Amino acid sequence: MKYKYTARTKEGELQAGSVEAPSNEAAANILNSHELFVLSLEGAEAKRWLDGVLAFVNRVKLGDVMVFTRQFATLLESQVPLGESIRSLHQQTRNPILKEAIYEIASDIDAGLSLSQSLERQNAVFSDFYINMVRSAEITGRLENSLSFLADYLEKETVWHLKIRNALIYPAFIVSLFFGVVVILLTVVFPKLSSVFEESNVKLPLITKILLSGGNFMLEWWWLVILLAILLIAVFVNYFKSLEGGIVLSELIFRTPVFGELFKKIYIARFTESLSVLIKGGVPITQAIEIASHNIGNLIYRDILHEIGEQVKAGESLSSLLFQNEHYFPPLVGQMVSVGETTGRLDQLLSKISSFYTREVDDIIDNLTELIQPMIIAVIGIFVGLLFAAVLIPIYNLAQGFKI
């Protein structure tokens, strides 16, 4: 079970976070063993199914976090004190979940917690990458610079999300409309034609027989079809949320034509940008690799980078390890990283790699946007033709019978 705690170190520094333990007493013992004086300890309730649905509906969008970060950086650059900046952002924010999170951050800061500790208590809104960037900035004294980097990074992620979403809206509408037409044909049109075909003893094509059987089944067992669809969706969603399912899904994405290469480029751009920003922020490279691996959004890359981080800790160079995983990191990445390690400008070279792959991703997404719509229409057209053929061929055969 997970327990949330607040505690003080031997030096008197206030800390907040969570710990996994079988009981309240065991959690307290774990914290005491780390020389922490526990101030409060409470069990984090297990999430109910309804809580998960509500959290999805009321989630904080990436764009909201980006706007918050941009405004936060601007206020700090204008020499507005931290507490006053947070309170000002709380007044301006419209998203209720983010507004509540900002209020709690302000309260935690007033209680003596650092900004990173306050953000850590809101980890449903702010990613580990975000929190670690702020924590590093607090150490180096470059908080406003790091927030500007974060705002730029989140802005780029938001643009990608919008491009992909906009590219899929029209095809999704066309596909939904097609399935609606299919359901109407199966449940309304074909059952009425079925009796006519049976009385006239017309020889039916295979496609017509399949559609007639499908229509009759849906009319009689429509509730079972809906129930099975919901059940299958729930099973697949739960499976792909698991560790094994996440790895299978990641592998399926890589094997998909065009989209596999697109997502690889996205993951490389994310990794190199994250690593560059973290190194600029003064985070040690091994820790930076581990943090960046969790920011990519792909379990296969996360596991590979975790192993790379362990080997870098053991003394191997990052570039040589990237060369060993050229299926996931093209040789260009390893070569650029090698130059960065040699010249001592690793953060700059990583930023250049990110810019290169960002442009590649933008080009692919723009091309897909132009190609995917005519491709979807062509495929839908073929299926519509088959549907009309399934209706018109038996009618034509019936008309031929009357002529004879």
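The numbers here are math on the coordinates, done by the rules we state, and not lab data. From a predicted model like this one, the values you see are computed outputs, not experimental measurements. Methodologically, a virtual Cβ is constructed for each residue, glycine included, from the backbone with ideal geometry; neighbour enumeration extends over all protein chains shown.
Among Glu42, Glu290, the order by Cβ neighbours within 10 angstrom, fewest to most, reads Glu42, Glu290. Please work out the Cα center distance from the stretch 372-397 to the stretch 205-276, rounded to the nearest Å. Computed from Cα coordinates, the inter-centre distance equals 24 Å. Cross-chain or 8 or more residues apart, Cα under 24 Å: how many lysine pairs in the stretch 259-376 fit that? Count them up, please. Pairs that pass both the separation and distance tests number 5.
Once the C-beta distance of Phe217 and Gln92 is scaled by a Förster radius of 41 Å, the resulting FRET efficiency is 0.15 to the nearest 0.05.
Relative to the longest principal axis of the Cα atoms of the chain, the long axis of helix 206-241 lies at roughly 10 degrees. Candidates Phe197, Leu278, Ile233 compared by Cα position along the dipole of the stretch 145-404: farthest toward the positive end lies Phe197, with charges placed on Cβ.
From its DSSP helices (H runs of at least four residues, each -39,500 (n - 2.57)), the chain gives a residue-normalised ellipticity at 222 nm of -26000 deg cm²/dmol. The chain gives an Rg/Rh value of 1.10, both radii derived from C-alpha positions and Rh following Kirkwood. Each of Ile139, Val391, Gln71 was placed along the dipole of the chain (beta-carbon charges, centred on the mean Cα), and the one lying farthest toward the positive end is Val391. For the chain, the longest principal axis of the C-alpha atoms and the axis of helix 128-140 are separated by about 20°. Annotation: the residues Arg94, Arg302, Arg359, sorted from fewest to most other C-beta atoms within 10 Å of their own C-beta, follow the order Arg94, Arg359, Arg302.
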